[in-house]
Structures are given as structure tokens and as C-alpha cells.
1. It is to be established whether one or more residues within region 86-94 are under 23 Å from Ser19 (Cβ atoms) and touching a Gly at 6+ places or on another chain (Cβ under 7 Å).
2. I'm checking my understanding of the structure. Among residues of region 141-177 that are modelled with pLDDT of 70 or more and not in a loop (DSSP other than H, G, I, E, B), which one is farthest from the chain's Cα centre (by Cα)?
3. Say we look at region 9-43 and pick out the residues that are over 27 Å from Leu95 (Cβ atoms) and surrounded by 10 or more Cβ atoms within 10 Å (Cβ to Cβ); which of these is modelled with the lowest pLDDT?
4. Identify, by number, the condition in (1) loosely packed, with under 10 Cβ neighbours inside 10 Å; (2) under 24 Å from Ile101 (Cβ atoms) that Met85 doesn't meet.
5. Considering only residues that are part of a helix (DSSP H, G or I) and more than 15 Å from Ala29 (Cβ to Cβ), which ones fall in region 78-93?
6. Looking at the structure I just gave you, is Gly99 in a loop (DSSP other than H, G, I, E, B) and surrounded by fewer than 15 Cβ atoms within 10 Å (Cβ to Cβ)?
7. State all residues of region 120-140 that are part of a loop (DSSP other than H, G, I, E, B), under 23 Å from Gln150 (Cβ atoms) and of a type in the set (S, T, N, Q); if no residue qualifies, say none.
Amino acid sequence: MWQTVRERREGEPKDPIVSMIPVWSMVLAALFFIAAQYFFFRVLPPPRPGILPMRMLISYSWGTAFASYLLLIGYISRDVRRRGMSATMWMLLVLVMPGGIGAVVYFLMRQPLLQRCPSCSTEVEAHFHFCPQCQFQMAPVCGRCYRGTQITDVYCVNCGHDLAKDSTPERLRLYSD
């Protein structure tokens, strides 16, 4: 009846966003949060009566802000490699620019994710519906307006075309029944 944490983790699918944050970043974030609490409650002089709630609010806010920033840096360190960008340049930019501006610049300027075409192995952007090299259909599209559709749609949401009349490849037709 009771499962250990390891047994439960092995059976559950991993959350892709959480798995992008490295362990070193999580450990460092936890240490910085604890260090902020230590600083505000042990290093600073004792609070006057009535100031303790404000000190608690400030210590938790600063600890959470630093921990969140370290988790963001960890996420960027993995995401930059996944997108084939220069890890050294972006990590320096994120760390040197003050107040998280480097992270904002990264998210504005990052390259799109690439995937391989199953037919010719060309790297194409993830939102492409057809391979630009071999015209392989990578995602379901409407036969009339050629806009992307969901694989389970019966009619096109843009033009109302009956998608069953299109000659979709067999691998994309599997889910339509």
C-alpha cells in the first residue's frame, strides 16, 4: 500500500520543466535560502518589539528571490545547450547583468528548438509543418488552408474544412478514428 519515494518516482513521468533544472542549482538555491534566514535572524542585531513580523517577511522574500534566481540560472545553463547556443557567453551575460536583465535578454534572444526530420534527418524548427528539404509532413495540416490542426480534429478550426477528406499520411491518421 505505501510506496517509497523511489518507487513512486520511477513509475511517474518526469515533468520536463523541473527536469531541466540541474541538481547543483537546486542545492545552491536551498543553501542560499537558508543563508538568508541565518543572516536576518542571527547576524543582524535583535529586532525591537513589533518588528519581528516585518523581519520575517523580508527574510523570506529575499531568500525566495535569491533562490528563484539561482534556479533560473540553472535552467538557462541547460536550455542554452539544448538550443545549440554558446553556453559560456550566455552564462556570463546572465550572471554579469544586474537585476535579472541578462535572463530577460536570454529569453528574448534564444534560438528556437530544433527537431530532426524523420525522412531526411535535416534539423528543422519545431513549429514547421513540412520539412523544407524533402516536403515530409511533420505535423497535421488542413488540406485547404494549410494551417496547423490538432491530430484529433475532425474539422479545421480556421476554415471549417472536413479533415477526413484530406489525404493525410497513415502515421497521422492513427488518432483520428
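1. yes
2. Looking at the filtered set, the residue picked out is Lys165.
3. Arg9
4. Every listed condition holds for Met85 apart from (1).
5. Asp79, Val80, Arg81, Arg82, Ala87, Thr88, Met89, Trp90, Met91, Leu92, Leu93
6. Against the criterion (in a loop (DSSP other than H, G, I, E, B) and surrounded by fewer than 15 Cβ atoms within 10 Å (Cβ to Cβ)), Gly99 does not qualify.
7. Gln135
Conditions (1) within 18 Å of Trp24 (Cα to Cα); (2) aromatic (Phe, Trp, Tyr); (3) modelled with pLDDT under 90, marked per residue:
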{"site": "Pro47", "(1), (2), (3)": "no, no, yes"}
{"site": "Arg55", "(1), (2), (3)": "no, no, yes"}
{"site": "Trp62", "(1), (2), (3)": "no, yes, no"}
{"site": "Ser68", "(1), (2), (3)": "yes, no, no"}
{"site": "Leu71", "(1), (2), (3)": "yes, no, no"}
{"site": "Ile76", "(1), (2), (3)": "yes, no, no"}
{"site": "Val105", "(1), (2), (3)": "no, no, no"}
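The values are calculated or read from the model by the stated rules, or taken from the named source; none is laboratory data. All values derive from a computational prediction rather than experimental measurement. Cβ: placed from backbone, ideal geometry, glycine included. Neighbour counts: every protein chain shown.
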